[in-house]
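Right, one structure below, let's go through it.
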Amino acid sequence: MKPRIAVLGCGYWGSNHIRTLKALGALHAVSDANRARAEGFASEQDCLAIEPDQLFGRDDIDAIVMALPPQYHADLAVRAVESGKDVLVEKPIALTVPDAERAVQAAKDNGRVFMVGHVLRFHPAFETLKGLIDKGELGEVRYIHSHRLGLGKFHTENDALWDLAPHDLSMILAITGTEPVEVRGEGAALLDNLSDFAHLHMRFPNGLRSHLFTSRLNPYRERRLTVVGTKAMAVFDDVEPWERKLAVYRHAVWQDSGQWAFTTNEPSYVAVAQGMPLTRELEHFIHCIETRGEPRTSGEEAIRVLRILTAGTVTHTKS
């Protein structure tokens with residue numbers, strides 16, 4: 001029997017969780033401060049609509065997916081795990097590191113699964129890229145850069161960095177296997193006092209460097225992660241069709257008589273099995289509930305991501 005999962009928060013991303021869990025046979029209930037919205041989804045998906053305050057004490061709910069504004073995540077996650085529920089908390093799991101640590105520790109103290117919605121860790125193209133790196137196909141990784149740009153979404157509590165960067169930071173941390181020893185942030189606020197453009201520059205213990213660029217005021221969409229190694233370079237471009245999402249470039253650079261020389265080669269596209277990242281993420285969550293295993297995207301990883309976000313945040317004052 002599949003675990004009985006409730007989705008708390010029926011907004012844009014919560015609605016995706018609702019439909020996906022229904023397809024997986026694990027949706028038991030939906031909940032939202034807007035009662036009419038919850039009842040609409042409950043009617044559409046043939047499940048229960050439960051008031052948020054009543055959700056945590058229900059014996060017929062095994063786990064809760066939280067897709068709320070981030071300022072509510074930590075307190076409600078603590079309440080859920082103390083009520084015996086496993087949780088998947090959408091990113092960012094909190095707006096401060098202490099709040100995140102409090103929620104993760106509460107899950108440990110109560111023996112509950114605590115998973116974080118870093119959904120791109122479950123993208124087949126990233127999984128394939130990670131496999132190439134682990135097998136040494138790119139050589140020693142020297143530099144990683146990611147660009148996540150587009151128009152919107154606009155939030156009142158978190159800026160472009162906090163809204164967009166967690167996905168990429170999760171992937172970068174998975175590749176490096178360690179936290180950066182230096183983080184420097186730059187940002188520009190055009191609409192209010194929150195960064196609409198944000199850069200992060202990171203240096204890791206082994207000398208690897210990385211930068212990340214996010215924007216919510218860009219005229220075009222870009223979803224690209226580039227890994228530069230000593231043998232080859234790889235690009236995961238999520239805007240491209242499936243057959244072109246993962247490209248490997250086997251360029252060569254060397255010194256000849258004291259001068260730099262190089263050759264360029266056309267990219268080779270790596271076959272990637274198609275699959276929806278959210279479906280794979282929720283299948284993993286269900287597996288962790290059933291086996292009591294540690295999630296790939298754990299609470300500890302989310303804390304590491306929050307440390308970087310906090311260190312790289314630029315504060316703007318209203319003019």
### Task
Using only Cα atoms, find the angle between the long axis of helix 124-134 and the longest principal axis of the chain, and express it within 0 to 90 degrees, rounded to the nearest 10.
50 degrees
### Task
Enumerate the calculated ³J(HN,Hα) couplings along the stretch 268-277 in order (Karplus 6.51 cos²θ - 1.76 cosθ + 1.60, θ = phi - 60°), each rounded to whole Hz, writing x wherever the residue is Gly or Pro.
9, 8, 8, 5, 10, 5, 6, x, 6, x
### Antiparallel bridge percentage (DSSP; both residues within the chain; nearest 5)
60 percent
### Query
By how many degrees, 0 to 90 and rounded to 10, does the Cα axis of helix 35-45 deviate from the longest principal axis of the chain?
80 degrees
### Query
Quick one: with all protein chains in place, what share of the accessible area of the chain is carbon or sulfur, to the nearest percent (1.4 Å probe)?
49 percent
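State whether the stretch 72-196 is rounded, prolate or oblate according to the following rule on the C-alpha gyration tensor (a ≥ b ≥ c being the square roots of its eigenvalues): a/c under 1.5 gives rounded; otherwise a/b larger than b/c gives prolate, and the remaining case gives oblate.
The shape class here is oblate.
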### Anisotropy class of the stretch 108-181 from Cα gyration tensor, a/c 1.5 cut
oblate
#### Entry: Accessible-area ranking of ASP109, ASP86, ASP192, largest first, probe 1.4 Å
ASP109, ASP192, ASP86
### Query
In nm, what is the difference between 0.36 nm times the number of residues separating ARG19 and GLN54 and their Cα-Cα distance?
10.4 nm
#### Entry: Accessible area (Å², 1.4 Å probe, nearest 10) - MET202
10 Å²
### Task
State, to one decimal in nm, how far the label point of THR263 lies from the label point of THR291, with both points 7 Å from Cα in the Cβ direction.
4.4 nm
### Query
What's the extension gain from ARG35 to GLU222 if we count 0.36 nm per residue and subtract their Cα-Cα distance?
63.7 nm
## Note on the structure
In degrees, nearest 10, the alpha-carbon axis of helix 160-176 is tilted away from the dominant principal axis of the alpha carbons of the chain by 60 degrees
### Summary
Probe 1.4 Å, heavy atoms of protein chains only: per residue, the accessible area of the stretch 1-139 in Å² is 40 Å²
### Query
Taking square-rooted eigenvalues a ≥ b ≥ c of the alpha carbon gyration tensor, is the stretch 38-93 rounded, prolate or oblate, where a/c under 1.5 means rounded and, failing that, a/b exceeding b/c means prolate?
oblate
#### Entry: log10 of Debye I(q)/I(0), alpha-carbon scatterers only, for the stretch 214-319 at 0.10, 0.13, 0.22 Å⁻¹
-0.56, -0.87, -1.20
### Query
If you rank LYS135, LYS22, LYS245 by how much accessible surface each has, with a 1.4 Å probe, what is the order from largest down?
LYS135, LYS22, LYS245
### Query
Amide H to amide H, which residues 5 or more places from ARG4 or on other chains are under 5 Å from it, using H placed in the peptide plane?
ASP62, ALA63
### Query
For ALA232, what is the net charge nearby, where nearby means another residue's Cβ is under 10 Å from its Cβ and Lys, Arg count +1, Asp, Glu -1?
+1
### Query
Of the trypsin sites (Lys or Arg not before Pro) in the stretch 257-319, which ones lie in a loop per DSSP and count no more than 14 other C-beta atoms within 10 Å?
ARG292, LYS318
### Query
Over the stretch 3-111, what lengths in whole Å, largest first, do the semi-axes of the equivalent ellipsoid take, defined as the square roots of 5 times the eigenvalues of the alpha-carbon gyration tensor?
22, 15, 12
### Summary
Residues meeting the amide H criterion for THR297 (H placed from the backbone, H to H distance under 5 Å, 5 or more places apart or on another chain) are VAL116
### Query
Does anything in the stretch 1-31 have its amide N under 13 Å from the 7 Å Cα→Cβ label point of HIS155, and if so which residues?
12-14
## Note on the structure
Over the Cα atoms of the chain the radius of gyration and the largest Cα-Cα distance (Dmax), both in Å, equal 20.7, 75
### Task
Express the relative contact order of the chain as a whole percentage, based on alpha carbon pairs under 8 Å and six or more residues apart in sequence.
18 percent
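The values are calculated or read from the model by the stated rules, or taken from the named source; none is laboratory data. Because the structure is a prediction, the values reported are computed rather than measured. All Cβ positions, even for glycine, are placed from backbone atoms using ideal geometry, and neighbour counts span all protein chains on display. Heavy atoms of the whole protein, side chains included, go into the accessibility calculation; ligands, DNA and RNA do not. Shrake-Rupley method; radii C 1.70, N 1.55, O 1.52, S 1.80 Å.
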